[in-house]
Structures are given as C-alpha cells and as structure tokens.
Amino acid sequence: MSRIVALALALVMAGCAANAPRGASTGSAVHRQPQHDDGRINVVTTFSTLNSFVEGVGGDRVHVQNLVPVGASPEEYQPSPQDIATLSRAQLVVENGAGIEVWLQHTIASASNDNVQQRVLSDGLPKIERNPHLWMDPVLARAYVGKIHDSLVRLDSAHKSEYDRNAKAYDAQLTALQQWIAKQIAGIPPQQRAMIVFHNAWDYYNRRFGIATIGIIELSPGQDPNPAYIGQLVDLARRHHVRAVFSEPEYSPKLAQTLAKSAGIRIVSNLYDDSIGSDPRVHDYISMLRYDTGVIVQSLK
C-alpha cells in the first residue's frame, strides 16, 4: 500500500512541476491554490453524507468534493492516487473521525499539503463505544453543522454573516427533521420498535427515537460472522418478535437473507447511512433520513 501511495504522490508532484511557472518550485506549485478557480473555498469531505452539512453552511462560497464514492462504505475504502491529488488542492478537509476513516491520515500526509486545515466533526461529542455513526442522530448533526460553520469562518471571515445565516437556516431544518422523525416513529407500537441490522450504523438514531437495536450481523467491517453467531441472532429475533432485518445497498444481502429466512422475518436491504444514494429520494442528508424513516416505519408498523 505504501509503495502505491508513494508512486502516486510522485506522479502528482511531477505533474505539478510540469505545469509550474518557470522558476517556481514544485512545493509552491502545490500550495498556491488558496481557492477554487471561481473563488470558492476548496472543501474535501471523506464521504458523501457529510457534503450536505458543508453545502448547507457554505452555500455558493464552497466547492465540495467527497473522497469515498457515493454508494461505497468509508469503513472499507481504499484511497486512490486521485484522492492524493484532490487533497493536495484542499483548503479544508472535513472528516467524521471516531475511527471510521482509518485510511485518511496517511493519504493526507502523502498529499504534502501543509496549508490544509482539518475538522474532525465527532471530536468532543458523546460517543457509543466503537460506533462512529454520530450523524445518524439529527441532534448530533446540528453539532456537526456548528463545527463546519466555525471552520469556514476561520478561513473566510469576510463572509461570516453569510455563513451565520446559512448555518442558522440549516440548523432549523435539522430541528424540524428531528421532530418529524419522532412523530413518525411514535406511530409504531412500542412492542414492535426493534431492529436487527447488518452493520452498527443505527444506534444513535435508535437511541434518539426509542428503537431497540436487538442484534448486529457484521460486528467488525469486512468480517463475516460464524454460523453459531447467526444462530444466536435468529434466537434473539424470535424471542423479541423482531419484524425485519435491515441492511444497506452497498453490502451483500446474503447473510441478512440467511438470517431473515431462518427467523421467518422480512429483509429490508434499502436503508442508507454511510452514503447518500444515486436515487433522487436520498440525494442529501435530510432526504436520506426522511426516506430511511419511511422505510423503517413501514417495516415495523
């Protein structure tokens, strides 16, 4: 991996040197990119779900790119040479943290961009052990928005009032989203508010809105459970009268199908969390959670 990254960096730097003004060093060619060509701030997010928060605060004053493609998992991502080039031009890198982007720091170091600022959105927020999916709780998403606001103001204080307005308006949307979700979940009979999930992305959402996470199929990213563990989940599903097992489009449905068939429950494989989707119904954070909530309510009610 390190040899691949080193080669990619060499190619990026060589390209910068070829395009640098005569007499300029390759280092200055990389770092003299304070803004996008049209004057916007270059912001790089680690994965697509975070884009909504940056765009909500930055509006027309930011140019946002995500490293992990839409539909892919940030927990299993392998960075590409293009990611190094993207990071070499970034002013601000917005990451979730809490262990979900274990590949990021090495990639940033390979980009040799001494001017980039980093914002770790989960820092200082209450965490569930070994679970980085804080953004699935709209209350914690509001904290993410506040941190992004502060970072953009630090980079571009001349437009602070615009960032203030944008952040306030987006915060209000997130508050309305939280209230709407709570109302929808309230329509599920309390004894039916239980989920078995493929990977542990739902604890923050479930704790906020009163749903029990009865079991998790994939305890560690990329590691399939053994048959004995699947058998334990089947017993839990029957004991707690769980109505469905939930998964996401980016993961293989085989294990969830095995569990659902053995437990005699339905499988729901179209939830979104780590990534927005190509489906226009889940094109940003707010639409994603509204869509997910509709699916959950329909499946459990």
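General observations
- Listing of helices (runs of 4 or more DSSP H) fully contained in region 1-120 that carry 1 or more residues being in contact with a strand residue (DSSP E or B) (Cβ under 9 Å, 6 or more places away or on another chain) and either basic (Lys, Arg) or modelled with pLDDT of 95 or more (or both): 51-58, 81-88, 104-111
- Cβ-Cβ contacts under 6 Å between residues 6 or more apart (or on different chains), taken from a first residue in region 116-133 that is assigned by TED's automatic domain parsing to the domain that holds TYR144 to a second residue that is buried (at least 19 other Cβ atoms within 10 Å of the Cβ) and acidic (Asp, Glu), are listed as VAL120/GLU95; ILE128/ASP203; ASN131/ASP203.
- Residue within region 178-187 that is at pLDDT 90 or above and either farther than 26 Å from PRO132 by Cα or not in a helix (DSSP H, G or I) (or both) present: yes
- If the condition is being over 28 Å from ALA141 (Cα atoms) and without any contact (Cβ under 8 Å) to a residue 24 or more places away in the chain, then region 189-230 contributes GLN223, ASN226, PRO227, ALA228, TYR229.
- If only residues of region 276-301 that are among the small types (Gly, Ala, Ser), farther than 16 Å from ALA141 by Cβ and at pLDDT 95 or above are counted, the one that is surrounded by the fewest Cβ atoms within 10 Å (Cβ to Cβ) is GLY294.
- Of all residue pairs spaced 6 or more apart or on separate chains, those with beta-carbon atoms under 7 Å, a first member in region 137-160 that is within 11 Å of ARG119 (Cβ to Cβ) and β-branched (Val, Ile, Thr) and a second member that is modelled with pLDDT of 95 or more and in a helix (DSSP H, G or I) are ILE148/PHE53; ILE148/VAL54; ILE148/VAL57.
- Any hit, region 216-235, residues being under 25 Å from the mean Cα position of the chain (by Cα) and over 20 Å from ALA72 (Cα atoms): yes
- Filtered residues of region 121-142 (kept if surrounded by fewer than 17 Cβ atoms within 10 Å (Cβ to Cβ) and not in a loop (DSSP other than H, G, I, E, B)): ILE128, VAL139
- Residue pairs whose Cβ atoms lie under 8 Å apart, sitting 6 or more positions apart in sequence or on different chains, and linking a residue in region 255-271 that is in the same structural domain as PRO221 (by TED's automatic domain parsing) and under 24 Å from MET288 (Cβ atoms) to a partner that is exposed (fewer than 15 other Cβ atoms within 10 Å of the Cβ) and not aliphatic (A, V, I, L, M), are LEU255/ASP224; ALA260/ARG266; ILE267/GLN257.
- Boolean, ALA212 is modelled with pLDDT of 95 or more, farther than 25 Å from PRO69 by Cβ and not assigned by TED's automatic domain parsing to the domain that holds LEU67: yes
The values are calculated or read from the model by the stated rules, or taken from the named source; none is laboratory data. Everything quoted here is computed from the prediction, not taken from an experiment. Please note: Cβ atoms are built from the backbone with ideal geometry, for glycine as well, and neighbour counts cover all protein chains shown.
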